[in-house]
Every structure is written in C-alpha cells, then in structure tokens.
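Accompanying notes for the structure given below.
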Amino acid sequence: MLPKFELDIHTHTIASGHAYGTIREMAQAAAERELKLLGITEHAPGIPGTTDPIYFGNLRAVPSHLYGVRVLHGSEINVMNDGTLSLDERYLKYLNYGIVGIHRPCYTDVGREKNTENLISCMRHPKVFFVSHPDDDHTPLNYEKLVPAAKELHVALEVNNSSFAKPDYRLNCVANYETMLPLCMKYRVPIVVDSDAHDPSAVGTFEAARALLERLDFDPELILNTSVDKFFDFIWYTPAD
Ligand SMILES: [Zn+2]
Ligand SMILES: [Zn+2]
C-alpha cells in the first residue's frame, strides 16, 4: 500500500473557462479529503475561454490558507509548436511553479521526436517543475528521451488521474505510463499524481493512478505527493507562514 497523499497540485477553477468551482470551493473539498496542500493551476493563454494572464499578477490577494489547507498557485502552460511557453515571462514570476503540457487546441502533432523536443525545450524554464499528462498518443512522446531530460532539468513527470477516465481523449495512456514509470525508477525521476480537477468533486481523487503505481510496484520515495516537505524541497519553496 502506498502512503496517503497529502497534496493535489494540478487543479482548475472557473477562471480556466471550462471548470466549475471557485478557489474556496476547491479548498473546501481539499479540506474534506484531508489534503494539506492544494495547487490551483489555471490554463495559460491558448486554451479558449481561459483567464486573461493579468489574473496571475494579483494572486497575492488570495489567502495562503483556506479551510486549513495551504493554497499555492501555478499555471498549466501550453507547449507551443515552436517549443516556447504560452505564458509571458512577466507573469511567470508570480507563480509558485509552472506545469507545462501539450494541449491539442493550441498544438499540432509533429511526430514523436519533435513533440518530445518541443516539450523538453519548455522544461528548460526555471519556473517549470512539472509536465502534465505526458500520456497521450495523439501527440506521442519518446520516453527514453523525456525521462532523462526530466532528470537533468529537475522536472517531475505527472501521472494524471483524470486521463484514466477518458482513454479516447488520452490515447493509450495506461500503456504510456507503463513505459514511462519504469524509466522514472531507473533514472530516479520524481513523479507527481494529480487529479487535474475541473470541479470540486474531483479534488484529491487519485484512485486510478494509485492502482497503477501499486501494480507497477512504484517506489514511494519518488512520489512527491507523500509529503508536503518533500514537495516544497522539490520546488525550492520556503513557506513565509
Ligand atoms: Zn492539461
Ligand atoms: Zn489541467
């Protein structure tokens, strides 16, 4: 049995345009599921209907704790076809961390090798600590290249719990995780399990991802969710309160 997970760091609120909870509703759900930390990560420009990036510039207005849960702020930033991030530098500085991910509304598949190159190019930014759902064969990835690059660039790879519920949308996600996760153990690359909740009801839901990790006998040492301190160390974050 894997230890209990203390944090969920990839979630969306109404600000993302196609998600349905407020920050407070998401934090309340996190408290009910006994999480210690919730990360809110609205989509960056490129996803239709998401927030204007000015949103990221005023995040200090949000209390650091809601319902006893610490709230951090990131953004899920798109990988663009030229290997750049879809969020401008002047907004990145306000974030606790960046997650980069390929999203088909603003990315065209250019084949396994070039997709991997574009993703790795985005992972080089110092604010980027995570890759979201690296699991979809609509935009395939070369895991033999991605995983060592994650090690070199101090980036953790995500196991996205919501991918398991939409296998047509995240094509071959289980098979891709079965390739990626043993390589993460081989190269000692940390992973993070995220709900990618777009509604409070999904905050802290990790069951499908946990079942896969248990089946693969994945090393809990490499799972950032097992301790808030381990997570803080990974993103080089020192809480002010
Ligand atoms: Zn995403
Ligand atoms: Zn997301």
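The values are calculated or read from the model by the stated rules, or taken from the named source; none is laboratory data. None of these values were measured; they are calculated from a predicted model. Every residue, glycine as well, gets a Cβ built from its backbone with ideal geometry; the counts of neighbours run over all protein chains shown.
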**Prompt:** Of HIS43, HIS10, HIS73, HIS18, which residue is within 16 Å of ligand 2 (Cβ to nearest atom) and in contact with a Leu (Cβ under 6 Å, 6 or more places away or on another chain)?
**Reply:** HIS73
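Could you check the stretch 216-241 and list, in sequence order, the residues that are in a helix (DSSP H, G or I) and under 17 Å from the mean Cα position of the chain (by Cα)? Explain how you work it out, then say what you get.
Let us first name the residues in the stretch 216-241 that are in a helix (DSSP H, G or I), namely 220-222, 224-226, 228-234.
Once the filter is applied, which keeps residues that are in a helix (DSSP H, G or I) and under 17 Å from the mean Cα position of the chain (by Cα), the stretch 216-241 yields LEU222, LEU224, ASN225, THR226, VAL228, LYS230, PHE231, PHE232, ASP233, PHE234.
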**Residues satisfying the stated conditions in the stretch 1-31, i.e. assigned to a loop (DSSP other than H, G, I, E, B), within 25 Å of LYS230 (Cβ to Cβ) and away from ligand 1 (no atom under 13 Å from the Cβ)** = MET1, LEU2, PRO3, LYS4, PHE5, GLU6
**Prompt:** Which is part of a loop (DSSP other than H, G, I, E, B) and among the polar types (S, T, N, Q), of THR50, THR41?
**Reply:** THR50
**Prompt:** Only one of (1) among the hydroxyl-bearing types (Ser, Thr, Tyr); (2) more than 18 Å from THR205 (Cα to Cα); (3) over 18 Å from the mean Cα position of the chain (by Cα) is not met by THR22, so which one is it?
**Reply:** (2)
**Prompt:** Does any residue of the stretch 123-135 turn out to be away from ligand 1 (no atom under 16 Å from the Cβ), at pLDDT 95 or above, part of a strand (DSSP E or B) and surrounded by 15 or more Cβ atoms within 10 Å (Cβ to Cβ)?
**Reply:** no
**Prompt:** If the Cβ limit is 9 Å and pairs must be 6+ apart or interchain, which residue in the stretch 34-58 that is in contact (Cβ under 8 Å) with a residue 24 or more places away in the chain and of a type in the set (Lys, Arg) pairs with which residue that is assigned to a loop (DSSP other than H, G, I, E, B) and away from ligand 2 (no atom under 14 Å from the Cβ)?
**Reply:** LYS36/GLU6; LYS36/GLY68
**Asked** Which is closer than 30 Å to ASP241 by Cα and away from ligand 1 (no atom under 14 Å from the Cβ), of GLU76, GLU34, GLU42?
**Response** GLU34
**Complete:** Per the filter on the stretch 172-210, residues more than 17 Å from GLU152 (Cα to Cα), part of a loop (DSSP other than H, G, I, E, B) and in contact with a Pro (Cβ under 9 Å, 6 or more places away or on another chain) are ASN172
**All positions within the stretch 85-112 that are of a type outside the set (D, E, K, R), part of a helix (DSSP H, G or I), without any contact (Cβ under 8 Å) to a residue 60 or more places away in the chain and under 23 Å from ASN176 (Cβ atoms)** = PRO105
**Message:** Being aromatic (Phe, Trp, Tyr), outside any loop (DSSP other than H, G, I, E, B) and within 16 Å of ligand 1 (Cβ to nearest atom) is the filter here; which residues of the stretch 138-171 pass it?
**Reply:** PHE164
